[in-house]
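J.: If you scroll down you'll find the structure; I have some questions about it.
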Amino acid sequence: MSIHELASIVLAKQPTVTKLVGRMQDAGWVKRCDAAHDKRQSLVSLTAAGRRKVQPLLKQAKAHEAQVVSALVQTQRINSSSCLRA
C-alpha cells in the first residue's frame, strides 16, 4: 500500500504517516520500497514481526467493534419500540 493510500485510510496527513512509517520501519514492523511504476512513490508492507504485533490489536478492535454494534442495535430497538407505543 502506498503511503498516500495509508494516509487516506487513517485520516492523517501524509507527512505524519511518513514519519510514523519510518518509526515502524525502525522497529522492524514494516518494510518500505519504491513502487515499480513510480520511484517517487513508497510502498509499505507488514513484516513477520509486524504481523505478530498487529494480531492482538486486531482481536481487540474486532471485540470493540462487536460491543459498539451491539449497543447500537440495542439502542435502535429501544427507540423503535418507544415509537411504536406513541
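J.: Part of a helix (DSSP H, G or I) and either among the small types (G, A, S) or surrounded by fewer than 10 Cβ atoms within 10 Å (Cβ to Cβ) (or both), is that true of S81?
T.: yes
J.: Considering the stretch 14-68 alone, what residues qualify as being among the hydrophobic types (A, V, I, L, M, F, W, C) and under 14 Å from M1 (Cα atoms)?
T.: Residues satisfying the conditions are V17, V21, V30, C33, A35, A36, L43, V44, L46.
J.: Let me ask you something else. Of A7, A35, A71, which residue is of a type in the set (A, V, I, L, M, F, W, C) and in contact with a Lys or Arg (Cβ under 8 Å, 6 or more places away or on another chain)?
T.: Working: A35 fails: in contact with a Lys or Arg (Cβ under 8 Å, 6 or more places away or on another chain); A71 fails: in contact with a Lys or Arg (Cβ under 8 Å, 6 or more places away or on another chain).
One residue alone meets the criteria, A7.
J.: Name the single residue, out of those in the stretch 18-40 being in contact with a strand residue (DSSP E or B) (Cβ under 9 Å, 6 or more places away or on another chain) and in a helix (DSSP H, G or I), that is nearest to K53 (Cα to Cα).
T.: Residue satisfying both the conditions and the ranking: M24.
J.: While we're here: I need a count of the residues in the stretch 19-45 that are surrounded by 12 or more Cβ atoms within 10 Å (Cβ to Cβ) and either at pLDDT below 95 or touching an Asp or Glu at 6+ places or on another chain (Cβ under 9 Å) (or both).
T.: 5
J.: Report yes if A61 is within 15 Å of the chain's Cα centre (by Cα) and part of a helix (DSSP H, G or I), otherwise no. It would help to see each step written out before you state the result.
T.: Numbers: within 15 Å of the chain's Cα centre (by Cα): yes; part of a helix (DSSP H, G or I): yes.
When the stated conditions are applied, A61 passes them.
J.: Given the residues K39, K59, K53, which is the only one that is basic (K, R) and in contact with a Leu (Cβ under 9 Å, 6 or more places away or on another chain)? Steps first, please.
T.: Numbers: K39 fails: in contact with a Leu (Cβ under 9 Å, 6 or more places away or on another chain); K59 fails: in contact with a Leu (Cβ under 9 Å, 6 or more places away or on another chain).
Matching residue, one of K39, K59, K53: K53.
The values are calculated or read from the model by the stated rules, or taken from the named source; none is laboratory data. Keep in mind that this is a model prediction, so the values were computed, not measured. Every residue, glycine as well, gets a Cβ built from its backbone with ideal geometry; the counts of neighbours run over all protein chains shown.
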